[in-house]
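The values are calculated or read from the model by the stated rules, or taken from the named source; none is laboratory data. In this text, all values refer to a predicted model and were calculated from it rather than measured experimentally. All Cβ positions, even for glycine, are placed from backbone atoms using ideal geometry, and neighbour counts span all protein chains on display. Each accessible area value is taken on the protein alone, full model and side chains, heavy atoms only, with ligands, DNA and RNA left out. Shrake-Rupley method; radii C 1.70, N 1.55, O 1.52, S 1.80 Å.
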Amino acid sequence: MKAYNYIIAFLLVLLTCNVSFAQVKVYPGLVFGSEIERPGIVLGGEFFVSEKVSIAPDFIYYFIDKESQVFSSSKIEVKTKLWELNGNMHYYFVNKSNISFYGLGGLNYSHAGVKYKETDTDTGQTETEFDVSDGEVGINLGAGANFPVGRNFTPFAEIKYVAASTDQLVVGAGLKFDIQ
């Protein structure tokens, strides 16, 4: 339930910031986490508070496989999940018409979970089952670049280090779409 509260708060921040700042961008993209060695998707926004500073919250969901193995008369299934909620600030130190570079820093909330299920292969009955999850707050440090090529969209690339429970390097790319 706590995770849903964070997501609702994130969406409310996006909605309220939309009316209060002049330049607004939303962006979908793809990411890769170095520690978990898995790809994911990112959805975020960027709200400029000045010419060089923007607030950039985002949500990342990593694609994690369900693994299963059979030992004698038991089938064991393990499914893991990981998602992040980030609140970053971007500082643009180079802002040219064909490329812009920014440094980023911010807060991170990482949420990881594991679901374990052991089933008797002969009877089909569940012998053991549990679901655990935990979250941790950390910080983000990194850099990114925008490559303006279109009128209403901008390809971007970003790299950041997440110092939290995941302690991983996250590399991402996507498209920023202008809304205002």
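General remarks:
- Rounded to 10°, Cα long-axis angle of helix 2-20 versus longest principal axis of the chain: 10 degrees
- Nearby aspartates and glutamates by direct alpha-carbon distance to K96 (threshold 14 angstrom, same-chain neighbours under 8 apart not counted): E51
- 19 Å Cα-Cα reach of K75 towards lysines, excluding residues that sit fewer than 8 places from it in its own chain: K66, K115, K117
- Formal net charge of residues neighbouring N152 (Cβ-Cβ distance under 10 Å; K, R +1; D, E -1): +2
- Value at 222 nm in deg cm²/dmol, rounded to 500, when DSSP H runs of n ≥ 4 in the chain each add -39,500 (n - 2.57): -3500 deg cm²/dmol
- Carbon + sulfur, % of accessible area of the chain - ligands and nucleic acids excluded, 1.4 Å: 61 percent
- Whole-number D in µm²/s for segment 67-180 (Stokes-Einstein; Kirkwood sum over Cα pairs; 37 °C, 0.692 mPa s): 190 µm²/s
- Radius 11 Å from Cβ of M89, net charge of other residues (Lys, Arg +1; Asp, Glu -1): 0
- Each Lys or Arg adds one and each Asp or Glu takes one away; over the other residues whose Cβ falls under 12 Å from the Cβ of Y61, this sums to 0.
- Across K52/K160; K79/K176; K52/K81; K25/K160, pairs whose alpha-carbon gap is larger than 28 Å: K79/K176; K52/K81
- Solvent-accessible heavy-atom area per residue, rounded to whole Å², over segment 52-180 at 1.4 Å: 55 Å²
- Choice from N140, N108, N98 showing the highest fluctuation, given a GNM over the chain with Cα pairs closer than 10 Å: N98
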